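Comments concern the structure below.
The values are calculated or read from the model by the stated rules, or taken from the named source; none is laboratory data. If you're wondering where the values come from, they're calculated on a predicted model, not measured in any experiment. Cβ placement follows ideal geometry from the backbone for every residue including glycine, while neighbour counts extend to all protein chains displayed. Calculation scope for accessible area: heavy atoms of the full protein, side chains included, ligands and nucleic acids excluded. Shrake-Rupley method; radii C 1.70, N 1.55, O 1.52, S 1.80 Å.
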Amino acid sequence: MAQKVNEVMTPVPVAVSPDTSLAEVGDLMRQHGIGDVLVVHEGRLRGLVTDRDIVVRAVALQKDMTDTTVADVCSTNLITVAPGEDADTAVRLMRRHAIRRIPVVDGDRPIGMVSIGDLAVQRDERSALADISAEPPNT
């Protein structure tokens, strides 16, 4: 029987409001050892910001990290997946859209995040990607 997304996802993803400063988001990423944070307004998913987004869309342009908000740099055209979908669906979406993580939503409310690392650990825990993904984050 195929695994479902809710069996491999990371539940309760870190989320912030659109007016959160990039300095705050960076601190949350450091605290939680993650590279992505969901942007949520009134309980609904509105965007996703990654550490790369911050570097490319803010640091490289010398923006002020305390004055620039997550809404200024986050991606808003998101690919999402439902918790009851087969994990293979998440893999296909990642391949098709060349992405490494997908928010898991119930309607438009985020309930988790599934990453390429989550899927690697579940599918072949002896693979190099699974080994890397299972290691604690560098802080």
- So which GluC sites (Glu not before Pro) in region 1-102 pass both tests, a DSSP loop state and at most 13 other Cβ atoms within 10 Å of the Cβ? Glu42
- Message: Test of understanding: in a Gaussian network model of the chain with alpha carbons linked when under 10 Å, which of Val104, Val59, Val114 would top the mean-square fluctuation ranking?
- Response: Val59
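Normalising by the residue count of the chain, find the relative contact order in percent from Cα pairs under 8 Å and 6+ residues apart. Present the calculation step by step, with values, prior to reporting the outcome.
Values: 234 pairs, mean separation 40.4, N = 139.
It comes to 29 percent, rounded to a whole number.
Taking a ≥ b ≥ c as the square roots of the Cα gyration tensor eigenvalues, with a/c under 1.5 meaning rounded and otherwise prolate when a/b beats b/c, else oblate, which class fits region 42-81?
oblate
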- Item | Label selected from (1) 150; (2) 119; (3) 109, the criterion being volume of the Cα convex hull per residue in Å³ as computed here | (3)
- Task: Per DSSP H run of at least 4 residues, take -39500 (n - 2.57); add these up for the chain, divide by its residues and hand me the 222 nm value, nearest 500 deg cm²/dmol.
- Result: -9000 deg cm²/dmol
- Message: What does the extension gain come out to for Ala82 and Val12, with contour length at 0.36 nm per residue minus their alpha carbon separation?
- Response: 23.8 nm
- Gln62 paired with Arg109, simple spin-label distance in nm, labels 7 Å along Cα-to-beta-carbon: 4.5
- Item | Sequence of Leu78, Leu45 from largest to smallest accessible area, 1.4 Å probe | Leu78, Leu45
